[in-house]
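Heads up, the thing below is written out as C-alpha cells.
The values are calculated or read from the model by the stated rules, or taken from the named source; none is laboratory data. Remember, predicted model here, so these are calculated numbers, not experimental data. Reconstructed Cβ throughout: ideal geometry from the backbone, glycine too, with neighbour counts over all protein chains shown.
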Amino acid sequence: MSEAMLEFRDVSFTYPGDNKPTIDKLSFSLNKGEFVCLIGPSGCGKSTIFRLVNKLLTPDSGHIYVNGMDINEQKSYCGYMPQSDLLFPWRSVAANVRLPLEIRGGMSDAKMNDKVNEALENVGLGGLGNKTPSELSGGMRQRAAFARTLMTGCDLLLLDEPFSALDYLTRLNMREWLSEQWEHENKTILFITHDVEEAVFLSGRVLAADNYPISRLTTVPIPAEYPRTRATLEEAHMVEIREQLIEKLRKEHS
Amino acid sequence: MKKGKASSYNLPAIILMLVLLMIWQAGAMKLDAAYILPSPLQIVQKLWDLREPLFKAHLPATMEVVGIGLAISVILGLGLAIVMDLNKNVEKALYPLIIASQTIPTTALAPLFVLWFGYGIWSKVLVTVLITFFPITITVFDGFKSVRTDMIELMQTFGADRRTIFIKLKMPAVLPYFFSAIKMAIPLSLIGAAIGEWLGAQSGLGYFSRRMMTQLDGAGVFAPILLLSIAAMVLVAVVGALEERFVHWRNE
C-alpha cells in the first residue's frame, strides 16, 4: 500500500450551538497521487471536512495528518480552491495567481513572475496575465484560480465544487481539462461535488457521505483507465456505478 | 469619459437647469427687489465685480479651513474605522458614541467654538471636522465589514497573517468606499467651513456672505455661495477622476 497523503483519525466536530455533531469519529485516508471525489447531498458536511483540513475549523477530538504529520505542526500543507473563483478584482490575473507566492515570501520578484507565467501557460492562459479577472470567461477564471492553487506548492489540493457555477458545456470541458492537469501535475486531489456524473468521470474512487452525522465514508472504486472521455461514462459498468451511487445518496437524502 | 461614452453630457439635466434659471431670472426681474431676490445675472455680475476680494482673499481662506478640516477628518475617520475593525470591543465602545455624536446640532454649538477657540481658523476647522468625520468613519467601516469572509479565509489558507490580510485584501477592498466617503465629505466640509465663518471670522466666503447681508446686498450674499458650490463641484470632480483612475474594478 502506498503512503497516505491525508488521513483522518477518529475526527469529531460539532458546530457551536448544535446538539448533534456534524462529523462523528470519522476516519479515512487518501493515498499519494490519488484523485478522490467526496460526494454527498448539499448541507451534509462535505465542506466541513475541507474546513477541518485547512484549519479554518478545529476538530473537537481526533487527529488529521497530512504527509504523515499532524496538521497542527505544519503550515502551508494544502492548496484550497473555493467554489467561486474569488479572484481579487483589483489585481490582474497574473497578480492573482502570484498571491500565494507573495504571502509565503522569500522569492524575488523576477522568480515569482517566471513561476506565474509558467503556471498561466500550463493552464492555457498564456499571454492573458495582464487582463483583469472581469475580462475572462467563467471557465478561464476557474483555470486562473486553479493556477493560483498550484502556486501554494502543496501536493495536496482541496477543490470545493469548483465547477458548480459554470454552465453545462463549460463544465464538461473543465473536467476533462482538470483530469489532464492532474495527470501532469502529480498531485493528490480531494474534490467535493454533488454531481455524481462529475465524480465518476474524474476520480479513481468516490467517497460517498451517505450518512448523517458523517461517521464513515463509503468507498466506491471507479475501474476505468485515464485519460477518460465522455464515451467512458457510457460504458455499461460505469453507468451501473453511477446509478448505484445515485440510489444510495437518494435513499439517504429522503 | 476616456472610455468614449456619449453620456458624459446629460442633456435633459442641462435643459432643466436652464429652464429653472430662466424662471428665476424672470421672477426676480418682475419682483424687482435685488436685496431680497437677486436675479441669476445680477449674481454673476456681482461675482465678476467682486472677483478681486473673493478669489484672492476669501476663497483661499475657506479652502484652507476645508483642506485642514478634511485632512484631520480623513486621518481621524480612517483611524477610527481601522481600530474598530481590528478590535470588536473597541467597535462596541466607539460605534454608539460616534452615532450619538451626530445627534448634537453642531451648528447650534458653533458659537461656543468661537468662544473657545477664538476668531481664528481653528473654530472653523472644528466645525468642519465634526460635520465630516462621521460619514468618513462609517462609510469606511462599512467597507471593512463588506470584505467577503470567504476571501479572508482564502488568504488564511495561503498562510496570511492579519497584517497581510489587511494590506493585501482589506485596504484595496475598502478603496471604493473611501472614495465615496470623500465625495460625500467634500460638500459637507464646505458647508461646515461656511457655517463657522458665518458665526465669526475675519475672512472666508461665509464671512463675506454675511457681511453683504448686513449691507442688504442680495447679489453679494449669493455670489460667495455660488463660488462655494462651484468649488465643491470642482473638488468632487477631481476626486471622481482620481477614483476612475484607481478604482477600475467598481461594481464587480
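Here are some notes:
- Listed by position, the helices (runs of 4 or more DSSP H) inside the stretch B:138-201 whose residues that are of a type in the set (K, R) and either on the phi > 0 side of the Ramachandran plot or out of contact with any Leu (no Cβ under 7 Å at 6 or more places or on another chain) (or both) number at least 3 form an empty set.
- For A:T48, the criteria (1) hydroxyl-bearing (S, T, Y); (2) under 21 Å from A:E198 (Cβ atoms); (3) more than 14 Å from every other protein chain (Cβ to nearest Cβ) hold in every case but one, which is (3).
- Those residues of the stretch B:208-252 which are more than 14 Å from chain A (Cβ to nearest Cβ) and among the polar types (S, T, N, Q), in sequence order: B:S209, B:T214, B:Q215, B:S229
- Each residue in the stretch B:228-252 was checked for being touching a Ser or Thr at 6+ places or on another chain (Cβ under 8 Å) and among the aromatic types (F, W, Y), and 1 pass.
- Some residue of the stretch A:161-184 being surrounded by fewer than 18 Cβ atoms within 10 Å (Cβ to Cβ), at pLDDT below 90 and on the phi > 0 side of the Ramachandran plot: no
- Taken as a whole, the condition of being closer than 26 Å to B:V140 by Cα and either touching a residue at least 12 places away in the same chain (Cβ under 8 Å) or outside any loop (DSSP other than H, G, I, E, B) (or both) does not apply to B:R210.
- The residues listed here are B:F166, B:F158; of these, the one that is more than 30 Å from B:V114 (Cα to Cα) and within 12 Å of chain A (Cβ to nearest Cβ) is B:F158.
- Scan of the stretch A:219-248 for residues that are surrounded by fewer than 16 Cβ atoms within 10 Å (Cβ to Cβ), under 28 Å from A:Y77 (Cα atoms) and out of contact with any Phe, Trp or Tyr (no Cβ under 9 Å at 6 or more places or on another chain), ordered by number: A:P221, A:P227
- Among the residues listed as A:N130, A:N72, the single one being surrounded by fewer than 15 Cβ atoms within 10 Å (Cβ to Cβ), more than 11 Å from chain B (Cβ to nearest Cβ), within 16 Å of B:G159 (Cα to Cα) and out of contact with any strand residue (DSSP E or B) (no Cβ under 8 Å at 6 or more places or on another chain): A:N72
- Residue within the stretch B:179-189 that is within 14 Å of another protein chain (Cβ to nearest Cβ), touching a residue at least 24 places away in the same chain (Cβ under 8 Å) and over 29 Å from A:Q83 (Cα atoms) present: yes
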